[in-house]
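Working notes for the structure below.
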Amino acid sequence: MENAAADGVAVCLDEDNDPYSLIVTDLVALIGHVQASLRLIEAAIAREALLAEQDAAADIFVLDDVTPRYTVASTTLKACDAGLGMALDRLRDSEAPARLLN
């Protein structure tokens, strides 16, 4: 295994793992992480909404609403997820011209 000093990513150099497969596998894992983060944010937003509803019933007002931060993070991650999905689709596109990786 060789360590890529520029970005700290370990690259496996055995014959069973060509660069294309490593990139596709890495993108699939990254998409999974982004989607897991999206689910966590959605759960946090739902939890905040439930707490706000309970506070409103008890006549308690919360001035520090964190929901907008979650919403911005969610929107950004959704754009990232879409971009990663498009990148993965492009790599898997059988009609795309083959390119050699240096």
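The values are calculated or read from the model by the stated rules, or taken from the named source; none is laboratory data. Keep in mind that what you see is a predicted model, and the values were worked out from it rather than measured. Backbone-built Cβ (ideal geometry, glycine too); neighbour counts: all protein chains shown. Accessible surface areas use protein heavy atoms only, side chains included; no ligands, DNA or RNA. Shrake-Rupley method; radii C 1.70, N 1.55, O 1.52, S 1.80 Å.
Label-to-label distance for Q35 and Q54 is 3.1 nm, based on points extended 7 Å past Cα in the beta-carbon direction. When E48, E53 are compared by accessible area of protein heavy atoms, the largest-first order is E53, E48, using a 1.4 Å probe.
Taking a Cβ cut-off of under 11 Å around S37, the surrounding Lys, Arg, Asp and Glu residues balance to a net charge of 0, with basic ones at +1 and acidic ones at -1.
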